[in-house]
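Only one structure is covered here, and it is reproduced in the block below.
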Amino acid sequence: MEGEELTEQETALYDRQIRVWGVDAQRRLSKSHILVSGLKGTAVEFCKNIILAGVGSLTLNDDRPVTNELLSANFLVPPAEDIYAEKSLAELCCDSLKDFNPMVRVSVQKGDLSSFGVDFFDGFDAVIVSCCSLTSKKLVNEKCRKSSKRVAFYIVDCRDSCGEIFVDLQDYAYSKKKVEEMVECTLQYTSFEESIAIPWRTLPRRVSKLYFAMRVIERFEEHEGRNPGDTSIADLPTVLNLRKEMCEAHSFSESQIPDALLERLLAGRREFPPVCAIIGGILGQEVIKGISGKGEPIKNFFFFDVMDGKGIIEDISKTNE
């Protein structure tokens, strides 16, 4: 991949981007292979952005049938109900995404992503998972880390008007501009499983409340055998009990996970398209950074809540315990 050059057609199509981040970054992007599993609104926004940026290939994984809930923030599914029973969500999105950039190869991979072997992930440079279980997040991240090459791993999740991104670039080298020169930097990332296992009481008091709330909801769905997002306000009493148990285990104050925030995350089954656009745009920028090696990437969580209108980066890793 390193020795391949951009074609004349690629150079002409991506001329504006090349002027922004350079021909080498665009070459890396154009030869990269991306896998996205779970095609709700935020992941769909990311797919659009990364295809327009000019990746080499994009593989989609989501065998679910189309439902009204999935349509709420997915602009890729055509308004033709007669085909919903014939094709999976990934297949419908694939058909639409091919029209955004004919130079990008878009395909569908069927099956449960967490059941695939390590060698499957060797074929990708970045893996993005969305709306999957806690167990699946850990398993897929672990397999990416066991790959014969460095595979960047991302989790993206939007609930109600809140969003979360997790990034694992393993041992990562990148360049950034300092004063008038480019300097080389390195970062060491922690896996998702290791990050969320860090005792809450050891984290700085300023850490986003959304981080803790997401862990409670995530654990609730795992315990109850629910699909991600398959919750309602009726689950609040059970979730509050789980919050109490988790806070006691971490010697942590329950006041740091407000009832109102948990209510929003439980009741907000539908994604907000504007929030999907924001989170999907940020994720696209991060994946481009991860592939190109240009610019300082997020380490290792990003949170956005429309209630305060700002994004927060949190470094929650073993190196900061």
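Quick look at the values:
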item: Distant alpha-carbon pairs in the range 128-253 (separation over 24 angstrom), percent; result: 39
item: Relative packing of peptides 169-175, 93-99 - highest average C-beta neighbours within 10 Å first; result: 93-99, 169-175
item: Euclidean distance of C-alpha centroids, the range 83-158 and the range 283-312, integer Å; result: 19
item: Potential lengthening between Ser115 and Gln170 on full extension [0.36 nm per residue; Cα-Cα distance subtracted]; result: 17.6 nm
item: Cα gyration tensor shape for the chain, rounded if a/c is under 1.5, else prolate or oblate; result: oblate
item: Under the span-like rule (Cα at least 15 Å along the axis, Kyte-Doolittle mean at least -0.5), DSSP H helices of the chain; result: 41-53, 236-249, 273-292
item: Farthest toward positive dipole pole in the range 1-90 [+1 Lys/Arg, -1 Asp/Glu at C-beta], among Gly22, Thr59, Gln9; result: Gly22
item: Residue pairs, from the table Lys98/Lys176; Lys137/Lys299; Lys40/Lys318; Lys31/Lys143; Lys98/Lys209, whose Cα atoms sit over 29 Å apart; result: Lys98/Lys176; Lys40/Lys318; Lys98/Lys209
item: Antiparallel DSSP beta bridges within the chain, percent to nearest 5; result: 55
item: Kirkwood Rh and Cα Rg combined as Rg/Rh, the range 262-313; result: 1.04
item: Reachable aspartates and glutamates, given that their alpha-carbon falls under 20 Å from the alpha-carbon of Lys110 and they are not under 8 places away in the same chain; result: Asp62, Asp63, Glu86, Glu91, Asp95, Asp119, Asp122, Asp125
item: Two-decimal Rg/Rh across the range 153-213, once Rg and the Kirkwood Rh are taken from alpha-carbon atoms; result: 1.07
item: Helical contribution to [θ] at 222 nm, DSSP H n ≥ 4, -39,500 (n - 2.57), averaged over the chain, rounded to 500; result: -11500 deg cm²/dmol
item: Check: the range 150-234 dipole with +1 on Lys, Arg Cβ and -1 on Asp, Glu Cβ, in debye; result: 440
item: Given charges at Cβ of Lys, Arg, Asp, Glu: the range 258-321 dipole, positive-most of Ile313, Ile291, Pro258; result: Ile291
item: Hull-based mean projected area of the range 1-98, where the convex hull spans the alpha carbons, in square nanometres; result: 7.0
item: Highest average packing first - 301-312, 45-56, 259-270, Cβ atoms within 10 Å; result: 45-56, 259-270, 301-312
item: Among 152-161, 216-225, the order from most to least packed when residues are scored by Cβ within 10 Å on average; result: 152-161, 216-225
item: For the range 186-321, convex hull of alpha carbons as volume per residue, Å³; result: 125
item: For the chain, size of Cβ-based charge dipole, Lys and Arg +1, Asp and Glu -1, in debye; result: 620
item: Point-charge dipole on Cβ atoms (K/R +1, D/E -1) for the range 188-321, about Cα centre, debye to 20; result: 380
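Every number in this text was worked out from the coordinates using simple rules, so none of it is lab data. Quantities reported herein were computed from a predicted structural model and do not represent experimental measurements. Heads up, the Cβs are rebuilt from the backbone with ideal geometry, glycines too, and the neighbour counts pull from every protein chain shown.
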